[in-house]
Amino acid sequence: MQTKKRAVRKTRRVMKHKKNTTHPNHQQQQQHKIIIIMNPINNIMATVALLLLGSLVPIIAALSEPERLKEYEARGYEWPLPELKPNTPGWRNIFERRFKQVEETIDDSNERYNAWMQTMTAAYLQPNFTENGWGLTRAPQDLVDALVKKVRDNVDTAPLENDVDVIEGIDESSKPLFISNLDLNERVLRELKPMHEEWSGVELVGQQAYGLRIYRNNSRLLMHVDKPRTHIISCILHIDHSEDSEPWPIVIEDFQGNTNEVILESGDMLFYESSKCFHGRPHTFKGSWYSSIFVHYYPVGWDTTGIEAETHYVVPPHWNKNPPAESDQDRLAMVGTSMKEPECENVWCGLNNSVKWQGPGIAGEVITTGSKPTANEDEL
């Protein structure tokens with residue numbers, strides 16, 4: 001592989017204040033926020049503020065890097081990691097490459113720290129509940145019909161969604177719209193719960209059904225993972241799209257090391273372990289609009305408080321080591337809480353060797369890795 005030359009760095013680094021922002025699906029119904037402030041003297045300070053019941057309750061916890069390292073060692077964390085979760089060859093291939101990208105291609109220390117948090121949490125900290133991490137099926141048709149009607153009745157007058165920095169577009173016309181849907185969302189969360197429990201094999205607590213989001217022309221959703229505190233077993237339910245829409249696959253990495261591109265039809269549900277498997281829509285959407293709802297659950301007994309601190313403790317000690325001047329790794333860039341590979345086509349290199357899938361799904365069945373792929377190259 002040809003070595004890529006990196007730009008010469010300035011001898012003096014300017015440390016920028018950056019947020020560890022919330023997942024793109026949850027900007028409007030946000031309940032808590034974590035802000036990471038990088039301190040050039042102490043290396044790291046974590047300031048945590050919880051937004052509970054509409055009131056801001058600040059909990060300030062300053063953590064120096066030596067203190068963080070004590071927690072790292074007390075938990076028996078090691079680097080290199082002795083194993084991943086799951087410890088499959090394919091999952092290791094994905095993250096051994098990504099760890100090198102984080103080490104060697106991200107100059108900004110804030111962004112590098114946040115990249116370590118995401119990759120370590122996905123690769124190692126979060127357990128897996130299924131064999132592959134994703135599956136395609138169908139939602140109940142009466143529920144789909146109600147959602148389609150809601151979209152069709154409101155798409156022409158829907159307001160802009162609050163800022164979602166991981167959705168890229170060319171201008172204001174590419175920003176997503178949002179249709180408020182609280183009553184119907186409660187029905188979605190309730191009625192789809194048994195299907196998620198059957199797929200995951202665990203009893204679940206409903207966290208959130210978020211939507212309805214309306215993506216628009218010339219936008220893309222960058223690759224990311226969801227909140228490890230509560231977004232564990234999830235689905236993306238594709239509601240409907242405009243007649244002029246071109247196929248727009250959801251891209252998801254699985255535990256066998258595949259990058260999957262899945263074209264969803266109206267009423268299709270993509271199950272996914274959303275805080276483990278990187279997912280997004282890095283292809284640029286072509287069409288007037290495309291609507292989805294995002295549904296999230298966590299297991300009964302899940303630790304919804306301690307996991308946030310663990311995402312900091314698990315970051316390896318060498319995170320603040322400056323990258324080399326040159327690297328043969330594809331450059332990885334952080335955008336908010338998402339990632340992209342700017343030098344690759346459609347900003348994600350895994351698309352060069354992806355597995356293609358085409359809806360509609362089959363009611364009562366789950367199509368996943370190991371099934372026969374259902375899409376041809378010319379369909380994507």
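Taken together, the values in this text are just the output of simple stated rules run on the coordinates, not laboratory data. The shown structure was predicted, so the numbers you read here are calculated from the model rather than taken from an experiment. For neighbour counting, all protein chains shown are included, and Cβ atoms are generated from backbone atoms with ideal geometry for every residue, glycine included.
For this structure, a couple of remarks:
- Residues 129, 285 in ascending order of nearby Cβ atoms (within 10 Å, fewest first): 129, 285.
- In this structure, the amide hydrogen of residue 223, modeled 1.01 Å from its nitrogen in the peptide plane, lies closer than 5 angstrom to those of 339, counting only residues at least 5 positions away or on a different chain.
- Counted by Cβ distance under 11 Å from residue 223, the other residues give a net charge of +2, where Lys and Arg count +1 and Asp and Glu count -1.
- Highest mean packing comes first when the peptides 252-263, 107-118 are listed by Cβ atoms within 10 Å, giving 252-263, 107-118.
- Centroid-to-centroid separation of the range 290-352 and the range 213-285 [C-alpha atoms, Å]: 16
- Unit charges on C-beta of K, R, D, E only; dipole of the range 66-380, Debye: 460
- Put in line by how crowded their Cβ is, counting other Cβ atoms within 10 Å and starting with the fewest, 103, 71 read 71, 103.
- Integer Hz, Karplus 6.51/-1.76/1.60 couplings in order for the range 291-307, x for Gly and Pro: 10, 8, 10, 10, 10, 10, 9, 9, x, 4, x, 5, 7, 8, 10, x, 5
- Multiplying the residue separation of residue 246 and residue 153 by 0.36 nm and removing their Cα-Cα distance gives an extension gain of 31.3 nm.
- On the beta carbon distance between residue 83 and residue 345, with R0 = 41 Å, the FRET formula returns roughly 0.80.
- Signed unit charges on C-beta, dipole axis of the range 66-380, positive-most listed residue 99, 87, 361: 87
- The range 67-132: C-alpha gyration tensor shape, a/c 1.5 cut-off, then a/b vs b/c: oblate
- Taking every lysine pair in the range 258-363 that is 8 or more places apart or spans two chains, those with Cα atoms closer than 23 Å amount to 6.
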